Each structure stands twice: as structure tokens, then as C-alpha cells.
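See below for the structure under consideration.
The values are calculated or read from the model by the stated rules, or taken from the named source; none is laboratory data. All figures in this text were calculated on a predicted structure; none of them were measured in a lab. Note that we place each Cβ from the backbone using ideal geometry, even for glycine, and neighbour counts take in every protein chain shown. Remember, those area values only see protein heavy atoms, side chains included, never the ligands or the DNA or RNA. Shrake-Rupley method; radii C 1.70, N 1.55, O 1.52, S 1.80 Å.
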Amino acid sequence: MADDDNNNNSSASANDEGNNKKGNKQRKASKWQALKKKKKEQKRKKLAAANGVTDTTPDGKKRKFNTWNKKYDEGSVTPHEGSFAHPEMQKLFDVKIVGEDVVSEGGETDVKSDAEKKVEDGTTESSAAATEGSVTEATATTEASATSVDTDKVPKRKLACLVSFLGSNYSGFQINSLTKSLHAEIELGLYRAGLISKSNFGHPNKYSWSNSARTDKGVHAAAQVCSFKGEMIYHHEIDDFAKQLDAMREKVNECLPDDVRILDFERVTRTFCARTSRDKVRYQYMVPSFLFCSPDEARKAFAADDVGAASLTDKKMTPMEASIRVQDDVSPDVIKAARAELLNYRVSQETLQRLRDGLKLFEGTHSFHNYTRRMGADNASATRYILKFAPLEPVLVPGSEDQPETQWVPVQVTGQSFLLNQIRKMISAAVDHARGVVSTERVTQSMSKDCRMKVNVAPAQGLFLDRSFFELYNKHKVTNAPKHGNQPELEMLDWVEEDEKEIPAAVRRIEEFKNQKIIPHIVREEALEGNFVKYLYAQDVLYAQELYSLIEDDKDKE
């Protein structure tokens, strides 16, 4: 009996202790809730005082304040300094936004929507009618105006946008302060077409902007993908949704320069993000065939050089110093003469096979710390996965009256993501492998984590983004199809060619822009500027002794 009493007493005390702990937690939670409520009440009263109103409505309810909308509507936040909504960008690049789109000197914009203007128009008409003594008619007019506002409201939808562009006239795709970026140019076109409202113009976060890739300065794209919340401007005019999107595409293209084209719009899910939803990306690099000539043939082509190239080969310099030396010291006549000597070069099948072997070395998961800038081997971001890296068949590009036809070798690389300058450095190493300048062992060694090696970077002018893939997003659409009558809820992003399937219209537009705009532009740019000839001069004349040398070896010599 005594043991039972002891057990009962111990269990009772345990229960009391548990109840005390529970009670303490509840009291602490209640205390924090009361404190949180008190702070919220103080903030609400402070906002009411700042706005010169009471903290309660006439019917006794607590007044609500939307501080986020107030923040933007009062113009307290200026547009992004890289957007053409900013006055400094308009002055710098002489962009005029006329009529109702004019930005005030203080950086504030008139953010009233069309619906608000209609309400004001209705109010004005009502006042005029009241002045004439027709109060009933004025009330009817106001009610009709309010009804039309609700009816004419344009819905917003999350859209994926397929874009092609030439990057020569832009600082890159990413929007940056006081520079002409492709994002800023596209945003201006969307705004002028009506897909972005005035209150959102200059604030990318407000229309949920995202892009699948950030191309560098001078890099082109055949299939860049962006996502944003756009206004369906033809919602009340066109019933068919696909035709609405097509009409919007044509409207935006009317507001864009010729070197930027919108190829397609597709509606996507609310959570879609062009950057995070992309599975992989494919780039293409156009290599002129004369880059495959041997170092002796390259030096022979520059025999007319009066700079004293023979003495320069003994001097150590970085790739940056070599490229600057080419720009400053090598005369245009030397470049022109060397180009005329090299244009007739044609790549052999043996060289193409060595190129295939060299490119295949990069496939798989490797550390590419030697193929980017300012990144050590211990950085996890240096490890990247290359799915496929291979050349296509050489193509002959027709010349002009004063220029002969030239041969180019297209090279395509597909991967999940790439580092800064990674593709251009891999192309440089693979081309040198094909022409016998660097061995297979040396290229393989460059991807080992215990190695620091000097690798040159090929010109940006030959690179362009070829395709963006969204396979997991499309697979998710198919998986959820049974929930929507065995039909995908929204259109899939099938902007790639597939065997035994009809080529989508958007893919045909991609190939048309690539073959009629990008590739001819690369060829013309090389004929005018000679960037690949200058690269070959820096590679084989100025920088030859430094290429693929180990940085550790240099330290040991010192």
C-alpha cells in the first residue's frame, strides 16, 4: 500500500510540474502576443498621425494602411539607375518617353492607371452635369463610369518570353547602373507596348522579372528566355488566348530596335522563374577555320609586322597585356594583310577529329577554376557539369565583292550552367589541342584541383546562346495533366527541335534569326574589326611562351 501511495504522489507531482511548464509557456506566448499587438497598434497610430487622419474609420473600425503601395505611389523609391525610366538614363542615351510617359525632374512618375483616369473623367462629367442642374443624370454617369472601370480592367498573367538579340551594341544582358543593357531595352519595349504599367516601369521586382542566362558584353542570343508579369492588353479585343499572345508579340516588336526580337510568349505558372526553372543551356561558338592553322603558318602571315615580334616572344606577359599590345601597337595594315593571307585556309578532317577529341575531354564533372577569373580550386562553384561538347560540320559563308567566302566551324556546348569566360577559354584550349599546340595530358591536367595554369580566352564575338531547356518544367506539366482532363494545364515550353515532330513556329523563328542575323553579323564584324586575327597574333606571337604554363612553376623559378 505504501508503495502505491508513493507512486501516486510521484505521478501527481509530475503532472503538476508538467502543468506548470505548460502554463509558463502559455503565459510567455501570451506576453509576446500582447507585446506584438501593442507595437502594431503604436505603428498604426503613428501612420494615422503622419497621414493626418484618425486611426479609426467613421463606422468605428480600425483604419488599415497599405505601406507597401504608399512607398511606391508617393514616388519615394526612384526607378533603377539602369532603367530608361530613370531621368539620367534618358539623358545619357537620348531616349525620349513622350506624352503621358514623361518622367518628372524629381524622378517621380504619374502612376495613375487608365482605370483611375476614367474615374476622374466620370467625376468631371458628373460635376458638369450637376452645374447644369441635372443631378440625377450626373449620378447615372458616375455609376456607368464605375461599371466600365470594372469591365475594362486588364488582367495580368505570368508570361515566359523568348528573345533573340545581337549583343554588340549593349553592355550585356543584366541591367546595370547607367549602362545600356538588353534588359533595359526590352523593358522599355514592353512598357511602350503596354505590357508593363507606369507604376512598375523601372522596378523589375514589381513585375517579377527573371532571365535564364546573363550574357556578357558582345555576346548574342538566339533563344534567351525571360519571365515576368505582363498585362494582357488584348484581353477585351481577342477571345482566343494564343492569338492574344501572338498579337502582343507583334506589338512589342514594333517598339523594339531591329537587333532585339521577341519570338514567342507563353503563359506559365505563378511560381515559374526563368533562371531557376531552366535545366540546361546550349551555347554555340563560331570558329573561323584559319584559327586551326599551325603557329608557324600564323607567324608567316604576320611577316610584314614592323613591331619587332621576334623580340616580344621572349617577354612574359598576361593575356590582357597581349591583347592591349595588339590594339595599341599593331597597325591595321598588318592585320588586313594577315587576314587576306589566312582567309583561304580550310580545316582538314584530321584536324576536326583532334578538335572532337579535345572537346570531349571537357565533358562530365570537372573543376574549371583555370577557365574563369579570380576563382580558386577550393571554391565549390568552380565545379561544373558539361553534358555535351562537339563540333558541327564546317560551313562556307558567302563573301561580298571585296571579301572572299570564309569557312567557319560551329561548336556547340550543352551544360547546366557556365562560369564567366568558361566557354571561351575551353574553345581556346580545344582549338590549340586540334592544332597541336597543347597535349591531351596538359588539357586534362588543367582540370585537376591541384593545378593552376594559364589559359587564353577566345574572342566574345563568336559566341551566342543557342537554346534554353525546361525539361523538368514540361515533365511536371505532363504529370499533372490527369488533374486537368488529361490535358496540360498550360502550354509547355517546347522551344527545341525534336525528331519526328513538327517544328514549332517559335523554333523556326529562332533558326531564322540565327541564320539571317547572328551568323552574318559575326562574319561582318570579323571582316570589319579583325578580332579573330588579333587574337591569333596575341596567341602565337605575343603570348606563345606563356600559354599553358603552370603558375606554381613560375613561383619555383623565382
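So here's what we get for this one:
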quantity	calculated
Subset of the stretch 151-193 (residues that are closer than 27 Å to P520 by Cα, open to solvent by 50 Å² or more (accessible area, probe 1.4 Å) and polar (S, T, N, Q))	N169, Q174
Complete set of residues in the stretch 442-480 that are in contact with a His (Cβ under 7 Å, 6 or more places away or on another chain) and open to solvent by less than 10 Å² (accessible area, probe 1.4 Å)	V443, F464
Subset of the stretch 204-224 [within 16 Å of the chain's Cα centre (by Cα), open to solvent by 20 Å² or more (accessible area, probe 1.4 Å) and in contact (Cβ under 8 Å) with a residue 24 or more places away in the chain]	P204, S208, W209, R214, D216, K217
Residue match in the stretch 438-455 (condition: closer than 23 Å to G172 by Cβ, among the hydrophobic types (A, V, I, L, M, F, W, C) and in contact with a Lys or Arg (Cβ under 6 Å, 6 or more places away or on another chain))	yes
Neighbours by Cβ (under 6 Å, 6+ apart or cross-chain): first from the stretch 538-558, farther than 24 Å from K300 by Cβ and at pLDDT 80 or above; second assigned to a loop (DSSP other than H, G, I, E, B) and basic (K, R)	S549/K454
Members of the stretch 499-534 found to be part of a loop (DSSP other than H, G, I, E, B) and either aliphatic (A, V, I, L, M) or at pLDDT 95 or above (or both), listed by number	I503
Some residue of the stretch 306-319 being outside any helix (DSSP H, G or I) and at pLDDT 85 or above	no
Any hit, the stretch 227-246, residues being among the polar types (S, T, N, Q) and either touching a helix residue (DSSP H, G or I) at 6+ places or on another chain (Cβ under 9 Å) or assigned to a strand (DSSP E or B) (or both)	yes
The stretch 225-236: number of residues that are at pLDDT 95 or above, farther than 27 Å from E471 by Cα and open to solvent by 50 Å² or more (accessible area, probe 1.4 Å)	0
Residue that is most open to solvent (accessible area, probe 1.4 Å) [pool: residues in the stretch 349-389 that are touching a residue at least 12 places away in the same chain (Cβ under 8 Å) and under 15 Å from S289 (Cα atoms)]	R354
